[in-house]
Amino acid sequence: MGSPELTTTDLSTSRNTASGRSSVIDSIWGCTGSTIQKDDLRKRITIPEYLRVAMREAIQNKDVDSVMRHYDMANAAVAEPPQPSESPIVVFINAKSGGRHGPELKARLQDLMGEEQVFDLSTVKPDEFVQYGLSCLEKFVALGDTCAKETREKIRIVAAGGDGTVGWVLGCLGELKRQDRDPVPPTGIIPLGTGNDLSRSFGWGGSFPFNWKTATKRILDRVANGPICHLDSWNLVISMPAGEALETPYSLKTSDSASLDQELEIDGELPEKSSYYQGVFYNYFSIGMDAQVAYGFHHLRNEKPYLAQGPLSNKLIYSGYSCKQGWFFAPCSSDPGLRGLNNILRLYVKKVNSSKWEQVPIPSSVRSIVTLNLPSYGSGRNPWGNLKPEYLEKKGFVEAQADDGYVEIFGLKHGWHASMVMVELISAKHIAQASAMRFELRGGEWKEAYMQVDGEPWKQPMNKEFSTFVEIKKVPFQSTMVHGE
């Protein structure tokens, strides 16, 4: 029998009963509850040896046909038919995350299942697993291997890392849907990053547990048995005048061409040549001062990695850098009239239950605009807020969910305003709720803007004569998640 699926109502109730700021409580998760026997867990989640070795070799060789001997040996007439495991699991771990815990957790995971089922992302990429590892299983299935068939149908994934790692894994698994290779394995999370907002949103906690050896068993048991839920993801397309070099983050790739929605006419001339970039995000996209601070922090951390030794030190450095960059104390321009994003930005959206594009005014006080998909942002905060039904009706909004087909667009005025929002004393400046949106940027006095996707910031050059467009639309299919609570 398959695991139950959680509805958005179930998820909303779960999220409202636990604060996103309960990192200390999250950290001792696993210290209580019934004991999980190591041998029993290993038996339930370990993939039969011939399959896990064949998958590993197919990935290493980048060739599915090279591992057929494993199929021949397991299915020989004299061999005892192999038996599938009850709840097969594969883990992707970013061993560089989580400070010193990364390598220790990797060893612990290898001890709890077949060593070949634990993939270090520094050596095996999730797209290689999809292309060769799962293809190996599917090849065996096509040859009539019932053990491989049941393993392929039941397999679940664990992403051990921060939000970037989880998004990377989900994006690669999404290729299965594009290639009609169902089912897409559901994904659980071991939080090893700084913010861990995806982990928080799906009940896996906001930090790596203190009692991590016991907690690891409980996490794997929950991944094996936990209910299924879903997550929207969003395609992001950038169209910009050609000629300017863009230092792209990992989540953005260059593209030979990318079409903007033809239903929304472009006001003004287009350049003779354009450059295009495309990517997918799961948590948020932002433009403005918050992205500028993140950009500076990332460069500082890369130049002086000894300063960033874990989540706590990262947060302290980030806070200090926010002050240095002027998020709190200095204007972003010498002319106060140019501080707001409304001077360089137009926003068009398709609102709730509407298929028509509308231009939405941007408040002059806003210096940062965030497009948010999750109910968790900035290490568990909810800047959109838990809005009352009367307010939702008045604004034409619906209750925000991670799988409702909408993103929430809000503004932050400055560091002090952002701080009040982050401690949830006030809500952010609500701008829109949308199923699609387009940002149009024109330089003028500004030569560049700052943007970020799921924590990956970059500097976006702007042109005085021609606009840069950022268009966001929902990916046609949803990611499948395992809920941890």
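The values are calculated or read from the model by the stated rules, or taken from the named source; none is laboratory data. Please read all numbers here as calculations on a predicted model, not as lab measurements. Don't worry about glycine lacking a Cβ; one is built from the backbone with ideal geometry, like all the others, and counts go over all protein chains shown. Just so you know, the surface numbers come from the protein's heavy atoms only, side chains and all, with ligands and any DNA or RNA stripped out. Shrake-Rupley method; radii C 1.70, N 1.55, O 1.52, S 1.80 Å.
Among the residues of segment 237-273, which ones are surrounded by fewer than 18 Cβ atoms within 10 Å (Cβ to Cβ) and either hydroxyl-bearing (Ser, Thr, Tyr) or assigned to a strand (DSSP E or B) (or both)?
Correct list: Thr248, Tyr250, Lys253, Thr254, Ser255, Ser257, Ser259.
Give the number of residues within segment 401-410 that are out of contact with any helix residue (DSSP H, G or I) (no Cβ under 9 Å at 6 or more places or on another chain) and either assigned to a loop (DSSP other than H, G, I, E, B) or open to solvent by 40 Å² or more (accessible area, probe 1.4 Å) (or both).
2
Restricting to segment 12-64, count the residues that are modelled with pLDDT under 90 and within 27 Å of the chain's Cα centre (by Cα).
Of the residues in segment 12-64, the ones modelled with pLDDT under 90 are 12-36.
Retained after the next criterion (residues that are within 27 Å of the chain's Cα centre (by Cα)): 12-30.
So the answer is 19.
Identify all residues within segment 81-121 that are under 12 Å from Ala160 (Cβ atoms), in contact with a helix residue (DSSP H, G or I) (Cβ under 7 Å, 6 or more places away or on another chain) and of a type outside the set (A, V, I, L, M, F, W, C); write none if there are none.
Across segment 81-121, the qualifying residues are Asn94, Lys96, Ser97, Gly98, His101, Arg108, Asp120.
In a loop (DSSP other than H, G, I, E, B), out of contact with any helix residue (DSSP H, G or I) (no Cβ under 9 Å at 6 or more places or on another chain) and either open to solvent by 10 Å² or more (accessible area, probe 1.4 Å) or modelled with pLDDT of 85 or more (or both): does that describe Ser379?
Working: in a loop (DSSP other than H, G, I, E, B): yes; out of contact with any helix residue (DSSP H, G or I) (no Cβ under 9 Å at 6 or more places or on another chain): no; either open to solvent by 10 Å² or more (accessible area, probe 1.4 Å) or modelled with pLDDT of 85 or more (or both): yes.
When the stated conditions are applied, Ser379 does not pass them.
When only residues in segment 435-477 that are touching a Phe, Trp or Tyr at 6+ places or on another chain (Cβ under 9 Å), farther than 16 Å from Ser275 by Cα and acidic (Asp, Glu) count, which is surrounded by the most Cβ atoms within 10 Å (Cβ to Cβ)?
By that ranking, first place goes to Asp454.
Quick grid of which residues meet (1) under 25 Å from Gly167 (Cα atoms); (2) part of a strand (DSSP E or B); (3) modelled with pLDDT of 90 or more:
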| residue | (1), (2), (3) |
| --- | --- |
| Tyr321 | no, no, no |
| Leu347 | no, yes, yes |
| Thr371 | yes, yes, yes |
| Gly385 | yes, no, no |
| Tyr391 | no, no, yes |
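Identify all residues within segment 155-178 that are touching a helix residue (DSSP H, G or I) at 6+ places or on another chain (Cβ under 9 Å) and either among the charged types (D, E, K, R) or without any contact (Cβ under 8 Å) to a residue 24 or more places away in the chain (or both); write none if there are none.
The answer is Arg156, Asp163, Glu175.
Quick check, is Ser122 of a type in the set (S, T, N, Q), buried (at least 18 other Cβ atoms within 10 Å of the Cβ) and not in a helix (DSSP H, G or I)? Break it down stepwise before answering.
Numbers: of a type in the set (S, T, N, Q): yes; buried (at least 18 other Cβ atoms within 10 Å of the Cβ): no; not in a helix (DSSP H, G or I): yes.
So Ser122 does not fit the description; no.
Kindly state which helices (runs of 4 or more DSSP H) lie completely within segment 131-218 and contain at least 1 residues that are closer than 25 Å to Gly380 by Cα and of a type in the set (D, E, K, R).
Numbers: elements: 134-142, 146-154, 163-178, 197-201.
In segment 131-218, 163-178, 197-201 are the helices (runs of 4 or more DSSP H) which contain 1 or more residues that are closer than 25 Å to Gly380 by Cα and of a type in the set (D, E, K, R).
Could you tell me how many of the residues in segment 127-159 are among the small types (Gly, Ala, Ser) and touching a Gly at 6+ places or on another chain (Cβ under 8 Å)?
Quick first cut of segment 127-159, residues among the small types (Gly, Ala, Ser) only: 133, 135, 142, 144, 148, 159.
Then drop every residue that is not touching a Gly at 6+ places or on another chain (Cβ under 8 Å), which leaves 159.
Qualifying residue count, segment 127-159: 1.
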